[in-house]
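Undergrad: Dropping the structure in here first, questions after.
The values are calculated or read from the model by the stated rules, or taken from the named source; none is laboratory data. The model shown is predicted, which means the values in this text are computed figures rather than measured ones. In this analysis, Cβ positions are derived from the backbone assuming ideal geometry, glycine residues included, and neighbour counts consider all displayed protein chains. What goes into the accessible areas is simple: the full protein's heavy atoms, side chains included, and nothing from ligands, DNA or RNA. Shrake-Rupley method; radii C 1.70, N 1.55, O 1.52, S 1.80 Å.
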Amino acid sequence: MKFNIKKSFYDNKSLPKLLKRIVLVAFIILLVVLFNYQAINGSYYLKRAENNYVRAIPLYSLRGSIFDRNGTVLARDQASFNLAVFPYQIKNEKDILFKKLSEEAGISEKIIHKNYEENISGYFSPTNIIFDVSKETALILKEKYPKSLLVNSAPQRKYLKPLELAHILGYVKKASSLQSQFKKYGYKPLERIGIYGIEQYYDSYLQGQDGGDLVEVDVSGNVVGFLGRKKPVSGNDIFLTIDSKIQKFAKNSFAKKRGSLILLESGSGKIIALYSSPSFDPNLFIAGDNLTSLYKNKFSPLFNRAIQGAFPIGSLIKPLLATAGLEEDKIEPETTFNCKGRLNLGNNIFRCSGSHGIQNLEQALAHSCNVYFYNLGLRLGPENISHWLKAFGLDSKTFIDIPYEKKGFVPTPKWKKEKFGQSWYSGDTLNLSIGQGYLHTTPLAITIAINAIANNGYLVEPTLLKKIGEEETSYLFKKSINISQKNINIVKNGLRKTVSKNSGTARMLKNLSLGICGKTGTAQTSGKSHGWFVGFFPYKNPKYTVSVFLEKGGSSYQALRVVYNFLSNLKQNNLIEVK
Amino acid sequence: MFYLKKITRELSGLKTIIFSVILLNLISVISLYSSLHQQGQFVGEALLNKQIIWIIIAWLIFIIFNYINYRLYYNLAFFIYAFSLILIGAVYFIGYEAMGAQRWLSLGGFTFQPSELAKIAIIIIMARFLSHPPANSFLKSFCLPFSFVGLSALIILKQPDLGTAILVALIAFTMGLFSKINKKYFIWILILVLIAAPFSWNMLKSYQQKRLTTFINPNIDPLGSGYTIIQSKIAIGSGQLFGKGFLAGTQNQFNFLPERHTDFIFTVIAEEWGFLGSLFILLLYWLIIKKIFDKLKKIRDPFAYYLTLGIGVYFFLHVFINIGMTLGVFPVVGLPLIFISYGGSHLISTFILLGIFFNISRNYR
């Protein structure tokens with residue numbers, strides 16, 4: 001077979017011949033393979049096809065567990081027992097079988113039928129019809145219907161400290177309920193995906209890979225041959241920076257109050273406790289119970305107030321404004337303003353909480369004197385104020401590692417013009433200077449902002465992650481706001497005086513002897529006021545930053561009581577380093 | 001009467017092809033009817049009716065193309081190529097996804113795969129390039145035509161449609177190999193491809209990688225992508241010499257086989273009609289492909305020559321790769337079995353190519 005390319009192509013008779021031979025050889029190869037399967041090994045395959053059923057038995061992978069910083073389990077997979085059928089085997093007796101099962105397992109027939117329709121994926125694949133029965137029930141039923149039933153243990157997510165950690169951990173859902181939505185991303189119907197919190201944010205690490213056995217079974221359901229196995233791979237465990245004991249005290253300090261509590265390591269932003277009240281039980285989502293009461297609850301327990309809600313912050317703005325004033329050289333530490341309990345601006349009266357007399361910066365912070373900050377605000381002007389509030393990150397996310405974080409909002413004259421078509425009035429400046437009006441931030445964002453004063457001018461990125469599997473995450477991200485150390489110390493002193501001074505607004509915390517610095521806040525709303533406290537301690541070298549927010553909680557006094565109870569509990573139980 | 005005589009005369013030598021194709025159409029309808037059963041019940045009436053309509057449309061299109069002078073494609077080669085690129089590009093923007101791959105366009109209720117048109121365009125543009133005596137330079141004689149092919153294949157690969165991308169490349173490669181381009185170039189390219197293979201692995205979608213790894217060892221993932229191959233082998237093997245008979249294929253009837261009315265239709269036939277049935281199918285394909293290559297001897301126009309070569313190669317590769325895939329000889333890449341598988345796009349393009357070939361044949365009797 002020689003192919004001479006020098007010849008004119010259409011004179012070449014051998015080329016078509018060569019092509020035909022290639023095709024012939026290829027077809028003969030196919031025929032040989034076919035002959036091998038169909039004639040030589042035909043009876044073997046026939047046996048496999050006719051006498052045996054091939055069953056795919058899933059081997060579920062375990063999702064990674066979640067631990068706190070001390071290795072206490074917060075969430076893990078537990079075995080639950082499900083009953084499955086093989087549609088092909090029960091095709092003629094389905095209705096009778098389901099009726100009997102419904103009586104014996106005490107589950108409505110309707111639900112069994114519904115589960116069957118939802119989970120069927122092939123005539124030879126096990127189809128779960130009853131979920132989460134006790135081991136005893138499962139075994140009794142299996143004994144009664146050995147041919148039709150398959151007991152199938154599948155991992156089920158269990159949250160061990162549900163109410164305390166619901167907002168942090170989130171929960172998982174079977175992808176089957178979201179099947180159509182997630183199919184295109186490659187999720188199989190049995191997979192579970194994280195929906196909220198850590199379960200969602202670190203889903204790809206927690207997620208295991210399901211495996212399965214492909215086996216052959218005879219008519220009675222006995223395994224007669226093994227065709228292959230894909231081993232399940234467990235997901236990674238995750239360790240959080242949360243201390244579950246502290247988290248428990250956080251929860252207990254709220255009782256029926258609404259709001260949030262955050263405790264973090266000042267220097268690193270590692271979150272030790274983060275609680276949002278009211279909370280919910282994520283185990284309800286796993287069991288698939290009726291959740292309408294949860295969704296309809298007017299206090300929105302699913303809503304994580306610490307990161308998803310933006311609220312007015314009241315006097316918490318004052319340390320930020322003081323920093324701005326010092327940095328912009330609008331005031332000196334010794335600059336004083338005389339507080340007569342009010343400031344008149346045109347026809348409007350802007351009030352103070354008391355008549356403080358002549359106040360310097362330290363005193364104004366300690367007493368939370370509005371008049372001082374009205375004057376400071378006027379000196380700074382709205383552009384400067386919003387510039388500094390943005391520098392403190394009040395209009396951006398903190399990038400904590402749980403999803404659905406909301407941004408705060410810092411108003412500017414330009415924004416007001418565009419939004420309302422109105423100019424920015426001096427009155428707006430005064431309102432902004434005491435944290436009222438259009439300014440809104442999340443409790444976490446203002447905590448991180450005030451933490452920057454504890455932290456020598458660095459904004460930290462808060463994190464909940466300590467390690468994944470065995471790998472420590474030495475992840476620390478911080479951003480400098482460029483404040484001089486001198487000015488930081490001045491503001492810090494003022495914040496210390498709120499607690500240490502007998503006339504300080506946070507003097508309630510004095511007898512804890514933790515060296516707390518901080519700022520209270522009462523933010524007026526349409527209804528009851530929000531109560532705030534954000535602080536850090538010990539004074540010299542801050543280790544912890546704490547914040548409490550009480551939604552419509554009345555005043556900062558209520559917030560201080562929560563802080564006091566919380567910290568005194570931690571101190572009594574030696575959960576924080578006091579020195 | 002006279003007209004009929006004329007047609008008969010024109011079709012002399014082509015009757016075998018027509019006869020074979022009609023038989024394959026019949027086999028298609030019969031095996032689709034069987035594959036659309038579930039537990040003994042016929043569940044795919046709508047699909048079957050649609051396919052019968054497709055077959056009728058395909059024959060009409062065949063008759064039209066049979067009368068279009070093939071030289072037209074020479075003049076329109078670049079236009080057709082550009083048009084095919086626009087269509088496969090359009091899939092990104094207005095196409096919709098099926099089974100993890102975005103390769104369909106929808107036109108008034110009928111969907112079609114533009115990559116099918118791309119195959120035709122590549123055959124035409126390659127034939128045009130090859131019909132000129134090759135310049136004695138690597139760039140002009142080799143790189144130029146193959147950069148057209150490469151661009152087209154790359155866009156198809158991105159859809160992602162690995163099967164069609166490979167097929168487009170293979171058709172062009174085979175056409176080039178049997179042309180007067182210096183054979184040395186092909187050896188270089190082959191070496192280059194072997195070197196580049198590990199890198200292009202990363203370009204594949206995860207489901208394509210899975211298909212390739214399970215092809216090497218189906219037991220890696222017996223529940224996932226290995227499943228089809230295992231089930232296909234059981235089905236084919238259990239058909240034995242004479243088959244289980246029409247509608248009696250248990251593997252088929254009980255949903256063991258996914259995609260059994262499209263890419264795995266051969267499995268259904270082999271299970272129900274056995275080795276003899278498989279042999280018969282291969283014989284029909286052999287007759288068609290043999291007749292096409294036989295024609296090469298008579299053709300005096302280089303363009304027609306390479307067009308015919310490309311059409312023959314197209315038919316051959318489709319049959320060889322598809323059947324090889326059901327037997328586990330090739331990885332599951334997602335190619336239909338021409339004339340038999342369910343689907344309109346490949347049916348139309350196969351009949352277009354058949355029409356072009358018939359037109360050439362009538363010119364070189």
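Undergrad: Residue by residue, what Karplus-based ³J(HN,Hα) values in Hz, rounded to whole numbers, does segment B:191-201 have, using 6.51, -1.76 and 1.60 with θ = phi - 60° and x for Gly and Pro?
TA: Rounded to whole hertz, the list is 5, 4, 4, 4, 6, 7, 3, x, 6, 5, 3.
Undergrad: Using a 1.4 Å probe and ignoring any ligands, DNA or RNA, find the accessible area of A:Lys173 and quote it in Å² to the nearest 10.
TA: For A:Lys173, solvent-accessible area is about 70 Å².
Undergrad: Give, in nm to one decimal, the length gained when the segment between A:Ser134 and A:Lys510 is fully stretched (0.36 nm per residue of separation minus the Cα-Cα distance).
TA: Stretched fully, the A:Ser134-A:Lys510 segment lengthens by 130.0 nm.
Undergrad: If amide H atoms are built 1.01 Å from N in the plane of the peptide, which residues on other chains or at least 5 residues away come under 5 Å of the amide H of A:Thr72?
TA: Under 5 Å from the amide H of A:Thr72: no residue qualifies.
Undergrad: Can you tell me which lysines have their Cα less than 27 Å from the Cα of B:Lys233? Leave out same-chain residues fewer than eight positions away.
TA: List returned: A:Lys47, A:Lys91, A:Lys188, A:Lys230, A:Lys231, B:Lys205, B:Lys210, B:Lys244.
Undergrad: Something else about it: Please work out the FRET efficiency for the pair A:Glu117 and B:Ile53, using the Cβ-Cβ distance as r and a Förster radius of 35 Å; give the result to the nearest 0.05.
TA: 0.60
Undergrad: Which value does Rg/Rh take for segment A:439-524 over its C-alpha atoms, Rh per Kirkwood?
TA: Rounded to two decimals, Rg over Rh is 1.06.
Undergrad: Other chains' Cβ within 10 Å of B:289-302 residues: what's the mean?
TA: Going residue by residue through B:289-302 and averaging, the value is 4.
Undergrad: Just to check I understand the Karplus step: with θ = phi - 60° and J = 6.51 cos²θ - 1.76 cosθ + 1.60, what whole-Hz values come out for segment A:508-519, glycine and proline as x?
TA: With coefficients 6.51, -1.76 and 1.60, one gets 3, 7, 4, 6, 6, 6, 9, x, 7, 10, x, 9 Hz.
Undergrad: Evaluate the relative contact order of segment A:425-579 (contact order divided by residue number), counting alpha-carbon pairs under 8 angstrom at least 6 apart; express in whole percent.
TA: 17
Undergrad: Provide the buried accessible surface between chains A and B in square angstrom, both chains summed, 1.4 Å probe, rounded to the nearest 100.
TA: For A against B, buried area totals roughly 4800 Å².
Undergrad: How much net charge surrounds A:Asn82 when only other residues with a Cβ under 12 Å from its Cβ are counted (Lys, Arg +1; Asp, Glu -1)?
TA: Here the charged neighbours net out to +2.
Undergrad: Using only atoms on other chains, find how many Cβ atoms lie within 10 Å of each Cβ of peptide A:223-233 and report the average.
TA: Mean shielding by partner chains, rounded to a whole number: 3.
Undergrad: If I take R0 = 30 Å and measure r between the Cβ atoms of A:Ile29 and B:Lys297 in this structure, what FRET efficiency does the formula 1/(1 + (r/R0)^6) give, to the nearest 0.05?
TA: Efficiency computed from Cβ-Cβ geometry: 0.70.
Undergrad: Tell me, what % of the accessible area of the protein assembly as shown is carbon and sulfur with a 1.4 angstrom probe?
TA: Carbon-and-sulfur percentage of accessible area, whole number: 57.
Undergrad: Could you order peptides B:122-131, A:455-464 by the average number of other Cβ atoms within 10 Å of their residues, highest first?
TA: B:122-131, A:455-464
Undergrad: Let me ask something additional. What accessible area per residue comes out for the protein assembly as shown, rounded to a whole number of Å², with a 1.4 Å probe?
TA: Per residue, the protein assembly as shown has 43 Å² of solvent-accessible surface.
Undergrad: Please list the radius of gyration and Dmax for segment A:229-363, considering alpha-carbon atoms only, with Å as the unit.
TA: 23.5, 83
Undergrad: Still on this structure, I have one more. Return the long-range amide H neighbours of A:Ile130 (sequence gap of 5 or more, or a different chain), with a cut-off of under 5 Å between placed amide H atoms.
TA: Here the answer is A:Leu83, since their amide H atoms fall under 5 Å of that of A:Ile130.
Undergrad: How many Å³ per residue does the convex hull of the Cα positions in segment A:296-360 occupy?
TA: Given the Cα convex hull of segment A:296-360, per-residue volume reads 162 Å³.
Undergrad: Distance check, please: which entries in B:Lys183/B:Lys295; A:Lys20/B:Lys184; A:Lys501/A:Lys571; B:Lys180/B:Lys291; A:Lys406/A:Lys492; A:Lys510/A:Lys540 exceed 19 angstrom between their Cα atoms?
TA: Beyond 19 Å: B:Lys183/B:Lys295; A:Lys20/B:Lys184; A:Lys501/A:Lys571; B:Lys180/B:Lys291; A:Lys406/A:Lys492.
Undergrad: Taking the Cα atoms of the protein assembly as shown, what is the range of coordinates along each of the three principal axes, in descending order and whole Å?
TA: 119, 75, 48
Undergrad: Right, another one. Roughly what percent of Cα-Cα pairs across segment A:481-524 reach past 11 Å?
TA: Result for the distance tail: 65 percent.
Undergrad: At 222 nm, what value in deg cm²/dmol follows for chain A if DSSP H runs of at least 4 each add -39500 (n - 2.57) and the sum is divided by all its residues, to the nearest 500?
TA: Value at 222 nm, helices only: -10500 deg cm²/dmol.
Undergrad: Spelling out what I want: for every residue of segment A:312-328, take phi, set θ = phi - 60°, compute 6.51 cos²θ - 1.76 cosθ + 1.60 (Karplus), and round to whole Hz; glycine and proline get x.
TA: x, 10, x, 5, 4, 6, 4, x, 5, 5, 4, 4, 4, x, 5, 5, 8
Undergrad: Can you give the FRET efficiency to the nearest 0.05 for B:Val329 and A:Lys407, using r as the Cβ-Cβ distance and R₀ = 56 Å?
TA: The calculated FRET efficiency here is 0.45.
Undergrad: Based solely on C-alpha atoms, express the radius of gyration and the Dmax of segment A:9-50 in angstrom.
TA: Reported Rg and Dmax, both Å: 17.4, 56.
Undergrad: Give the long-range amide H neighbours of A:Leu345: residues separated by 5 or more places, or on another chain, with amide H under 5 Å away, using H modelled in the peptide plane at 1.01 Å from N.
TA: A:Phe350
Undergrad: Pairs A:Lys256/A:Lys519; A:Lys479/A:Lys528; A:Lys173/A:Lys552: which exceed 27 Å Cα-Cα?
TA: Table pairs above 27 Å Cα-Cα are A:Lys479/A:Lys528; A:Lys173/A:Lys552.
Undergrad: Ok, one more. In Å, what is the Rg of the alpha-carbon atoms in segment A:339-409, and how long is Dmax?
TA: 16.2, 48
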